1. Six or more apart or on different chains, Cβ atoms under 8 Å: show the pairs whose first residue is in the stretch 277-288 and surrounded by 10 or more Cβ atoms within 10 Å (Cβ to Cβ) and whose second is outside any helix (DSSP H, G or I).
2. Within the set of pairs 6 or more residues apart or between chains, which connect a residue that is under 11 Å from residue 25 (Cα atoms) inside the stretch 102-129 to a residue that is surrounded by 20 or more Cβ atoms within 10 Å (Cβ to Cβ) and modelled with pLDDT under 90 with Cβ atoms less than 6 Å apart?
3. Among the residues of the stretch 179-194, what is the count of those that are within 12 Å of residue 156 (Cβ to Cβ) and more than 24 Å from the chain's Cα centre (by Cα)?
4. All but one of (1) touching a residue at least 60 places away in the same chain (Cβ under 8 Å); (2) in the same structural domain as residue 219 (by TED's automatic domain parsing) hold for residue 158; state the number of the condition that does not hold.
5. I need a count of the residues in the stretch 147-192 that are under 18 Å from residue 218 (Cα atoms) and in contact with a strand residue (DSSP E or B) (Cβ under 7 Å, 6 or more places away or on another chain).
6. Looking for whichever is within 20 Å of residue 88 (Cα to Cα) and over 23 Å from the mean Cα position of the chain (by Cα) here; the options are 170, 150, 215. Which one fits?
7. Can you name every residue in the stretch 28-44 that is over 14 Å from residue 82 (Cβ atoms) and buried (at least 21 other Cβ atoms within 10 Å of the Cβ)?
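The values are calculated or read from the model by the stated rules, or taken from the named source; none is laboratory data. The structure displayed is predicted, hence computed values, not measured ones. Every residue, glycine as well, gets a Cβ built from its backbone with ideal geometry; the counts of neighbours run over all protein chains shown.
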C-alpha cells in the first residue's frame, strides 16, 4: 500500500516528498519544508486540501522574517533554503492534507505534501499548566507525552510572539539530564514523563513555555503549554492551574494545586518581614520584663534591709545612734503620766540624765510612772 501511495505522489507534478504529522488539540505544530536554492527569491505558501482545489492558509513574499496570518505563521530562511510553517491552537477539524510549495508556475510548483492528524490531548496529556514561583527559587515543569513518542526527542520551548519555539532546550536520551543554560531536562521514557528545571529564576523567566516532541528534523509537535509567573522574593506562594490529566513532580516549597498528580513547582519560602519584626519585638519585650522584675525584687530587698538596720543601735555605731535613740526615748517618756503622789519616789524615774546637785532641790526632778 505504501508503494502504491508513493507512486501516486510521484504522478502529481512538482511533489517532492510527503510527511505525516501528528498534532494535539490546543497545541501546535511546526513543519519545515525544503526547496531548491535557485528558488530563494520566489514566493512561498501553505495551502489546505487536495491539490486541485488547495486553498491558501498563508502566502508571503517576505524573506528571513516571520509573517503571520491568523493561526498560521511562515518564516522563509533563504540562507538554509527552507521555510517553516507554524500552526497554533490546533483543532481536530484541522486534520487534512496540506501542501507547502514554492510559487513558480501553477501545478508545476515544487511542493511537499503534509498529512496532518490532530488528536485530543486529553487522552494522554495536559493542555495547559500555570505555575508561580518567587524570584531566586527553582521551578519544576513536568509534562506527559504519548507512549508513541517515547523514542522521540523531547524539548521545552519558550514562546516569543507568534514563534512557539524562540528558545529551545532538548533531550535525546532517556534518564539522563541534559543541561543547557539555566534549564535542565530529564526524560523518563518508561513513565512517559518529561521534567524540566529552571534554576534561580528571575522575573525575566515569566513567559509561556511549551513541552513537545520532535519525531524527525522536519517537524515539531507542541503538546502542553506552561505559563510561568515569577513574583518578588517575598511572594512565595506557588500554584498550578487545573489539569486535564494526571502528572507528577517534586518541589522544595509549598504548592497549591487542583489536581493531586499535577506538576510541581519548587520554590524556597522566605520568612516575611512582618513575622520577623513581631518575633523580635516579643523577644525584646520578654527580656525587658525579666530585667524589670529582677530590678524591683532587688530594690525591695534592699529597702527591707535598710529599714531593719535603722531600728537597732549596735555597739559599733552606739556613739552615732545614741543621740537619736535617746532622744526618741526621752520624747516617748515625756508623754507618760506623772505620779499622783509626788512624795512617792520609789517609782520615780528621772527622764533627765543630770541629777540635781542639791538633793532637797526638787524643782529639777521629773517623775515618771514606771511601766
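1. The qualifying pairs do not exist here.
2. 126/243; 127/121
3. 1
4. (1)
5. 17
6. Numbers: 170 fails: within 20 Å of residue 88 (Cα to Cα); 150 fails: within 20 Å of residue 88 (Cα to Cα).
Answer to the check: 215.
7. Matches in the stretch 28-44: 28, 29.
For (1) in a strand (DSSP E or B); (2) crowded, with 22+ Cβ neighbours inside 10 Å, each residue gets a yes or a no:
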residue: 130; (1), (2): yes, no
residue: 133; (1), (2): yes, yes
residue: 158; (1), (2): yes, no
residue: 170; (1), (2): yes, no
residue: 176; (1), (2): no, no
residue: 184; (1), (2): yes, no
residue: 209; (1), (2): yes, yes
residue: 212; (1), (2): yes, yes
